[in-house]
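Peer 1: If you scroll down you'll find the structure; I have some questions about it.
Laboratory data are not the source of any read-out in this text; all were calculated from the coordinates shown. This is a predicted model, so every value here is computed, not measured. We place every Cβ from the backbone using ideal geometry, glycine too, and count neighbours over all the protein chains shown.
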């Protein structure tokens, strides 16, 4: 039994839960960085790679260059909330890593959400029947 078959079975049971699935370790992040495609805008960089699962997994990276821990955690919460609110508008089966740029510091939710949706459209992961 391979690592991905174990993960696939685990995540199939997880679909109905309201918890977001995130990328946890550096191997998962490294896979997305190495094999994924990236687009960037003023506030965020988004890397995406297919994951052969029926869900999207999210990883968020905010460097110390962005600010202290309070600032970094606020940006992380804003990105996670934008992802959570639009999770049904995104096509399934992707590992997504979002890297916050220094310019994202001090911006409100609407700016971060707009940047997130802009990158999702560039990656063509917005569903066709979505209202976005």
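Peer 1: Treating the angle as unsigned and between 0 and 90°, give the value, to the nearest 10°, between the Cα long axis of helix 26-35 and the longest Cα principal axis of the chain.
Peer 2: That helix lies at roughly 90 degrees to the long axis.
Peer 1: Along Cα→Cβ, 7 Å out, is where each label goes; now give me the distance between the ones at residue 108 and residue 76 in nm to one decimal.
Peer 2: 2.5 nm
Peer 1: How long is region 50-106 along each principal axis, judged by its Cα atoms, biggest number first, in Å?
Peer 2: 36, 19, 16
Peer 1: Quick one: go through region 109-132 and flag any residue whose amide nitrogen is under 18 Å from the point 7 Å out along the Cα-to-Cβ line of residue 50.
Peer 2: 123-128, by backbone N distance to the label point.
Peer 1: Would you calculate a helix-derived [θ] at 222 nm for the chain, using -39,500 (n - 2.57) for each DSSP H run of n ≥ 4 and dividing by the full residue count, to the nearest 500? Walk me through the numbers before you get to the answer.
Peer 2: Values: 4 runs with 53 residues, N = 132.
Computed mean residue ellipticity for the chain: -13000 deg cm²/dmol.
Peer 1: Test of understanding: what is the full-extension gain from residue 69 to residue 85, defined as 0.36 nm times their sequence separation minus their Cα-Cα distance?
Peer 2: Details: separation 16, 0.36 × 16 = 5.76 nm, distance 2.41 nm.
Using 0.36 nm per residue and subtracting the Cα-Cα distance, I get 3.3 nm.
Peer 1: Against the longest alpha carbon principal axis of the chain, how many degrees, from 0 to 90 and to the nearest 10, is the axis of helix 109-122 turned?
Peer 2: 50 degrees
Peer 1: Which of the following values of Cα Rg over 2.2 N^0.38 Å was calculated from the structure shown: (i) 1.03; (ii) 1.24; (iii) 1.61?
Peer 2: (i)
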